[in-house]
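Data block below; observations after.
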Amino acid sequence: MTDGLKLSICVPSRNRQETFQQTVRDLIANSRPDIEFVFADNSDDPAVMNDFMAGMSDPRIRYLPAPPETLPMQDNWERSMAAATGDWIIFIGDDDYVDPDAMDVIRETVSRRQETEAIGWSRLSFKWPDYRPYAGNFNLSLKNEVKHADRVSLFRRMFQWEEASNVPASPFTVYHGAVSRKAMENIRKLYGGRYFEHPTVDFDCGSKLLFAARHFVFVSRPLSVLGATAKSNSAAIGRFAKALEIYENFVREKGNAFESGDAMQDFPFKSNLGTASSILSAQHWFKSKYGIRVDGWEANFVKALAKDCSRAIDRNDFDLHVELCRRAITRFEDGKYLDAFVPRFTGASAGIFTGLMNNSLHIDERIGDCQTPAELYALVQAMIEPMSALKFNLEQQRLVAA
């Protein structure tokens with residue numbers, strides 16, 4: 001039964017009040033009644049958002065003002081989840097967008113496959129106008145399907161880094177994905193009495209979800225937009241000196257307990273080595289704490305680390321970062337996987353590709369002069385098949401032994 005289902009869309013924020021306010025406006029513009037919005041401010045100056053939210057009378061809003069002392073990211077996410085009352089939960093960043101009508105997809109999926117616990121989907125990317133240091137594009141999936149996702153394959157993608165870019169190719173997490181309350185409560189029950197433990201919150205949740213849930217569904221159609229502004233951590237992608245600055249500020253402010261201790265102290269792949277390494281560090285912490293062993297990830301990860309290096313914009317930055325990564329790989333198992341590390345510098349001057357490739361359309365991100373992720377999403381919606389035309393194929397695929 002899907003009658004009475006409610007979706008909670010949670011938006012935790014820290015010191016990005018301008019985009020946070022725009023995200024609030026864009027989300028509540030959808031008037032559907034089966035949505036709840038949890039907006040959690042964690043900024044140094046509480047007055048900015050408190051004044052803005054004071055003018056909001058929408059009964060669907062649950063606003064959590066900034067506490068007297070700022071919280072670690074995982075604690076702000078934790079209180080957001082604790083405040084949510086929906087049967088399904090989605091988290092996005094304060095510079096992102098998700099379509100509240102994703103609830104229609106959730107409702108239809110659950111009506112066809114009641115045991116569904118997590119739904120992932122394609123995502124668009126968007127750089128806000130204040131952060132466009134070089135020409136870029138976004139990838140638009142032209143498929144319009146809803147399919148069962150094989151859990152064994154998801155394990156290999158997440159923990160063995162199969163088919164990874166600079167991040168694991170697994171879209172299942174509460175961040176830009178929908179997770180049932182049942183699955184979120186299973187995470188809390190299994191892992192320390194919390195929904196979120198590690199500051200790399202999206203992959204902390206994604207890793208645990210593969211143990212806490214059994215039934216996954218993937219929607220090839222985009223339902224949300226990953227945003228980036230000059231203040232975003234994602235603005236450091238390809239700018240490794242900036243990434244190191246963010247890491248050092250984080251350590252000064254909150255300490256580095258998650259990358260110290262017996263299991264982590266001698267592990268060479270730390271968050272200071274960029275996106276891929278920060279994800280692996282979170283995975284290693286999780287596996288070490290809960291006694292989980294996964295083999296066969298090493299060469300795939302090193303290839304992903306090389307891809308992460310290759311995102312560098314500046315040649316000097318690239319060379320310095322490659323050397324730091326090479327040192328870490330050399331320290332790991334006596335350099336056994338050095339041959340897999342083949343970073344290539346292309347830089348921003350290589351230009352961008354636009355056009356059709358493998359059922360995806362690569363589009364110049366400046367299309368339509370969009371100013372917000374919501375504007376980009378609306379433009380894309382006019383280009384692809386309507387959500388009502390989604391093709392459902394939820395039969396579970398059986399694995400055949402070779």
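Criterion applied to Asn30, Asn50, Asn15, Asn42 was being over 25 Å from Thr109 (Cβ atoms) and in contact (Cβ under 8 Å) with a residue 60 or more places away in the chain, and the one residue passing it is Asn15. Is one or more of the residues making up region 319-326 within 23 Å of the chain's Cα centre (by Cα) and closer than 18 Å to Trp161 by Cα? Checking region 319-326: not a single residue is within 23 Å of the chain's Cα centre (by Cα) and closer than 18 Å to Trp161 by Cα. So which of Asp317, Asp339, Asp334 is among the acidic types (Asp, Glu), surrounded by 16 or more Cβ atoms within 10 Å (Cβ to Cβ) and not assigned by TED's automatic domain parsing to the domain that holds Asn139? Answer to the check: Asp317. Of all residues in region 126-150, those that are farther than 19 Å from Phe218 by Cβ and hydroxyl-bearing (Ser, Thr, Tyr) total 2. Within region 296-313, if we keep just the residues that are assigned to a loop (DSSP other than H, G, I, E, B) and at pLDDT 95 or above, the residue that is surrounded by the fewest Cβ atoms within 10 Å (Cβ to Cβ) turns out to be Gly296. Residues in region 336-375 that are modelled with pLDDT of 85 or more, over 26 Å from Gly93 (Cα atoms) and not in a loop (DSSP other than H, G, I, E, B): Leu338, Asp339, Ala340, Gly355, Leu356, Met357. Residue pairs whose Cβ atoms lie under 6 Å apart, separated by 6 or more positions or on different chains, with the first residue in region 379-402 and more than 25 Å from Val110 (Cβ to Cβ) and in the same structural domain as Asp99 (by TED's automatic domain parsing) and the second assigned to a helix (DSSP H, G or I) and modelled with pLDDT of 90 or more, are Leu379/Gly368.
The rows are residues; the columns are (1) of a type in the set (Asp, Glu); (2) farther than 21 Å from Arg293 by Cα; (3) surrounded by 19 or more Cβ atoms within 10 Å (Cβ to Cβ).
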position	(1), (2), (3)
Ala149	no, yes, yes
Val174	no, yes, yes
Arg181	no, yes, no
Glu185	yes, yes, no
Leu210	no, no, yes
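The values are calculated or read from the model by the stated rules, or taken from the named source; none is laboratory data. None of the values given here were measured: they were computed from a predicted structure. Methodologically, a virtual Cβ is constructed for each residue, glycine included, from the backbone with ideal geometry; neighbour enumeration extends over all protein chains shown.
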